[in-house]
Amino acid sequence: MRYLSWIFILLFFLMKSQIAFSQEIPYDDDLVQFSGVLISVDSLIPVPYASIVIKDTHRGTLSDFYGYFSFVAIKNDTIVFSSMGYKPSFFIIPDTITQKRYSLIHVMDADTFLLEPTLIYAWPTEEEFKKAFINLDIPDDDIAIAHKNIARAEMKERAMSYPMDASMNFNNYIQNETSKLYYFGQTQPISILNPFAWAEFIKAWKSGKFKKQKEPRY
């Protein structure tokens, strides 16, 4: 009797497991090749790499770069669509379809979060930032530099500090040689007794040509 009871118990569990196993395996008529494309509701662009999973299961797939997906499902399954930046959405495969394939274009709504603005300072406190901002020495822009360069006083100072170039040295040399040739064979007049030379000297002295020249700035 004891052996018979064990046999009955074993047969009971085998039959129960067989019934449960048969319930998990769907009929061939219920299998559907479920495919489609995911797009965004605002811009109608594809939603790539979204998760498409059958509810309460681990079966599903991912959409590709163009938002396309395809996998085998069962009629009346609830499909869950989810992706970063979009609200989760659902779709129930109709149980009235007569074909083995079912396709759709599924639209997903954007999920937008508005965060409070954050102010980032380069100083420990806001007071130190304000103090440093007020005392900031802002360099001149291109327009300010151009105005300084074309100022008359600045141009005059630069002209006085520039040394003689090759053209000026050549003209000075030619003038000296011409003067020597002009007075060749006779006594050259002394400039100290020439009133025109005195006039040139006074004019040069007033213009500051005899002041100490500053070093040129680069």
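What the table below lists for this structure:
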| read-out | value |
| --- | --- |
| Selected residue (criterion: nearest to the chain's Cα centre (by Cα)) from residues of the range 26-36 that are in a strand (DSSP E or B) and surrounded by fewer than 14 Cβ atoms within 10 Å (Cβ to Cβ) | Q33 |
| Residue pairs meeting the criteria (Cβ under 9 Å; at least 6 apart or on separate chains; first within 27 Å of S207 (Cβ to Cβ), in the range 137-163; second hydrophobic (A, V, I, L, M, F, W, C)) | N149/M155 |
| Out of T118, T125, sole residue that is loosely packed, with under 10 Cβ neighbours inside 10 Å, within 30 Å of G85 (Cα to Cα) and either modelled with pLDDT of 75 or more or in contact with a Ser or Thr (Cβ under 9 Å, 6 or more places away or on another chain) (or both) | T118 |
| Positions within the range 37-62 being surrounded by fewer than 17 Cβ atoms within 10 Å (Cβ to Cβ) and more than 38 Å from the chain's Cα centre (by Cα), in sequence order | K55, D56, T57, H58, R59 |
| Failed condition for F65, given (1) out of contact with any Pro (no Cβ under 6 Å at 6 or more places or on another chain); (2) surrounded by fewer than 16 Cβ atoms within 10 Å (Cβ to Cβ) | (1) |
| Residue in the range 101-110 that is under 27 Å from the mean Cα position of the chain (by Cα) and of a type in the set (G, A, S) present | yes |
| Filter result for I138 (outside the structural domain of G36 (by TED's automatic domain parsing), surrounded by fewer than 10 Cβ atoms within 10 Å (Cβ to Cβ) and within 27 Å of the chain's Cα centre (by Cα)) | yes |
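The values are calculated or read from the model by the stated rules, or taken from the named source; none is laboratory data. Because the structure is predicted, anything quoted here is derived from the model rather than measured. No Cβ is skipped: glycine too gets one built from the backbone with ideal geometry, and neighbour counts run over all protein chains shown.
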